[in-house]
Amino acid sequence: MTALFSFLSVAGFSPVEQPTAKVNPDGSFCSERLGPGRYYLYFTRYDEGRLTSAVFYPGVNARGEATAVEIRAGQNQSHFIFKVPAQETYAVRGLISVNDKSVLTGGFIRVALVNLDVPRRAWYLQDVNFQSALPLPKTKYFTFDDVLPGHYVAYTSYPVGSGSFAKKVDVSVTTHMKFIFLDLVRRQ
């Protein structure tokens with residue numbers, strides 16, 4: 001099991017890189033030096049490489065519900081008690097269709113399920129194979145299992161010469177499985 005805290009500046013943060021701290025076996029953690037400002041504390045836990053928990057301080061799923069902490073120059077804070085709730089996971093499934101699969105040089109399109117409120121570690125990715133003609137030549141099924149609650153964007157793009165395929169769909173993962181459609185049309 002690996003557990004991390006990320007420190008996300010309220011003023012804005014990189015979705016790829018941000019200050020982090022490993023959680024010790026006793027549950028304690030200590031950040032490296034942070035600049036003065038307000039931060040969201042974001043906890044993630046991985047078991048066997050699979051994301052099993054992802055919550056904001058004080059134990060909420062959405063950044064809009066999180067409590068920001070104030071860090072001042074030369075200050076140490078040690079009073080945070082963060083109770084990580086058990087989180088249910090849900091499936092996001094869907095169909096992806098392409099109007100002209102002949103331009104797919106590799107035969108694959110990558111589908112990403114991205115939670116824009118959190119760092120890159122909370123993304124889900126899957127390659128969809130369009131090389132096979134069965135069961136339908138231009139429509140394929142995809143599934144993301146074990147998706148943690150949150151507001152996501154399902155996104156795919158595939159550059160093809162002067163045109164490209166691109167599509168995004170908003171997905172709110174809350175209490176049950178979601179089914180979405182991604183219809184990719186080549187731009188002329």
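Quick grid of which residues meet (1) touching a residue at least 12 places away in the same chain (Cβ under 8 Å); (2) closer than 29 Å to residue 175 by Cβ; (3) in the same structural domain as residue 151 (by TED's automatic domain parsing):
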residue	(1), (2), (3)
23	yes, yes, no
34	yes, no, no
45	yes, yes, no
57	yes, yes, no
65	no, yes, no
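Considering only region 1-34, state which residues are assigned to a loop (DSSP other than H, G, I, E, B) and within 19 Å of residue 79 (Cα to Cα).
Residues satisfying the conditions are 23, 24, 25, 26, 27, 28, 29, 30, 31, 32, 33, 34.
Consider region 70-121 and keep the residues that are loosely packed, with under 12 Cβ neighbours inside 10 Å and of a type in the set (Val, Ile, Thr). The one that is modelled with the highest pLDDT is 81. Screening residue 10 with (1) aliphatic (A, V, I, L, M); (2) surrounded by 14 or more Cβ atoms within 10 Å (Cβ to Cβ); (3) over 22 Å from the mean Cα position of the chain (by Cα) gives one miss only, at (3). Contact map, region 137-157: first residue more than 24 Å from residue 45 (Cα to Cα), second residue among the hydroxyl-bearing types (Ser, Thr, Tyr) and part of a strand (DSSP E or B), Cβ cut-off under 9 Å, separation 6 or more or different chains; pairs are 138/97; 139/97; 140/97; 157/164.
Checking 112, 91 one by one, the residue that is within 16 Å of the chain's Cα centre (by Cα) and in contact (Cβ under 8 Å) with a residue 60 or more places away in the chain is 91 and no other. Screening residue 149 with (1) at pLDDT 65 or above; (2) more than 24 Å from residue 85 (Cα to Cα); (3) of a type outside the set (A, V, I, L, M, F, W, C) gives one miss only, at (2). Evaluated against (1) loosely packed, with under 15 Cβ neighbours inside 10 Å; (2) of a type in the set (D, E, K, R); (3) modelled with pLDDT of 80 or more, residue 63 falls short on exactly one condition, (1).
The values are calculated or read from the model by the stated rules, or taken from the named source; none is laboratory data. Just so you know, these numbers come straight off a predicted model, no measurement behind them. When we count neighbours, we look across all protein chains shown, and the Cβ atoms used for this are built from the backbone with ideal geometry, even at glycine.
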